[in-house]
1. Taking into account only those residues within segment 47-71 that are part of a helix (DSSP H, G or I) and of a type in the set (Lys, Arg), which is modelled with the lowest pLDDT?
2. Out of curiosity, is Ser217 of a type in the set (Gly, Ala, Ser) and open to solvent by 40 Å² or more (accessible area, probe 1.4 Å)?
3. Test Leu261 against the stated conditions and say whether it is surrounded by fewer than 16 Cβ atoms within 10 Å (Cβ to Cβ) and in contact (Cβ under 8 Å) with a residue 40 or more places away in the chain.
4. Could you grab me the full set of residues in segment 40-57 that are open to solvent by less than 20 Å² (accessible area, probe 1.4 Å) and within 19 Å of the chain's Cα centre (by Cα)?
5. Yes or no: segment 164-176 includes at least one residue that is open to solvent by 30 Å² or more (accessible area, probe 1.4 Å) and either modelled with pLDDT under 75 or among the β-branched types (Val, Ile, Thr) (or both).
6. Run Leu197 past the list (1) open to solvent by less than 10 Å² (accessible area, probe 1.4 Å); (2) of a type in the set (A, V, I, L, M, F, W, C); (3) out of contact with any Phe, Trp or Tyr (no Cβ under 7 Å at 6 or more places or on another chain) and report the number of the one that doesn't hold.
7. Is one or more of the residues making up segment 295-302 more than 21 Å from Lys244 (Cβ to Cβ) and assigned to a helix (DSSP H, G or I)?
8. What's the number of the only condition in (1) in contact with a Lys or Arg (Cβ under 9 Å, 6 or more places away or on another chain); (2) at pLDDT below 90 that Leu27 fails to meet?
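The values are calculated or read from the model by the stated rules, or taken from the named source; none is laboratory data. Remember, predicted model here, so these are calculated numbers, not experimental data. Backbone-built Cβ (ideal geometry, glycine too); neighbour counts: all protein chains shown. For accessibility, only protein heavy atoms count, side chains too; no ligands or nucleic acids. Shrake-Rupley method; radii C 1.70, N 1.55, O 1.52, S 1.80 Å.
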Amino acid sequence: MTNSSIEEDVGCRHTDFPVSIVLFSELERQPVILGLTIAAGFMCIATVVLYFVTLRFLYSHRRLEGIKINKYKVIVMLGLYPLVSCVCMLSLLLPRTTMIAELMIAMYMAVCILMFVRMVVDYMGGFKAVCKEMEGEQMSFRTPPCCCCCCCPGVYKQKVNSTNLKRVNLMTLQGAFVRPIITIVALILWADKRYILGEDMSPSAASLYLNLIGAVSSLVAMWAMMVTFRSLRSQLQDYNVGKKFAALQLTIVVVNIQGFLFQILAKYNIPECVRALSSTVRAYRSNYFILIIEMLLLMIFARIAFKRKEESYKATTREVNNIANKGSEPQTYL
């Protein structure tokens, strides 16, 4: 057996993520991959620039008369795209930070789900205003990703009241608390080499239980977000909430499903191992490169969704006593 084949065989059996020096030595042998990495860097910078340009727009327009929308909610939600892009770029350059990148993305998405629900309720004027405006109407809990089929006969439509709204709020709030706890525990176990990315989900693996808790928490939070959106979207058509919801939902779906597919491919040695870069390492790198491209496109879509001047605004009953008629000048909804 030649020295090169021995080196490649040893590298393929070594599943740990390499340090940056080893990675750069591999990139020198593969100019195409090096070029793609540089291109990913430029796309990451473009995503960050678009984010700050959108922030400039938000701060240059005052909030809508009579609607108390805190801009920090929008700022946090739009920050999802540059954050995912930056941590993916960091992992492309420093593979050992992949674990931190995965946990940061999951934790930030949980916060964004909470911000979206709070933003939608703010558009209605708060929880009390929602109860008053939708008095007598119902909200359906039989919606994806949970309880959306005939297998959930006990889940019926519920009246819109403070109790049900508090339940929905708690379902989204738990994600913002559970994810940071999981992140801290996972980082402690990772430092002790008891949490390894890409390891088999055996009963003795810590990642099995942490990923299971995280998945359930994320599903419940997304469920609450869907319930809120479907219940209030007819009242919020003037606020372009559909596109804002689509921008967030697409990001969550792309990040989770795409990452899961690449992990499955890595178990079947796709893409193939190349010296110090195992199939697992190359799968994560491929996923992150594609995510950087997708985050740039989704940032453009989110910018269109949030940076939009409405031609007209129809005041609802909760605002008649608060909004003075100041002509038909277009308003900006944030």
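1. Lys71
2. No, not satisfied.
3. Here the answer is no, as Leu261 does not meet what is asked.
4. Selection gives Cys44, Thr47, Thr54.
5. So far as segment 164-176 goes, no, none of its residues is open to solvent by 30 Å² or more (accessible area, probe 1.4 Å) and either modelled with pLDDT under 75 or among the β-branched types (Val, Ile, Thr) (or both).
6. Only one criterion in (1) open to solvent by less than 10 Å² (accessible area, probe 1.4 Å); (2) of a type in the set (A, V, I, L, M, F, W, C); (3) out of contact with any Phe, Trp or Tyr (no Cβ under 7 Å at 6 or more places or on another chain) is unmet by Leu197, namely (1).
7. No.
8. Every condition holds for Leu27 apart from (1).
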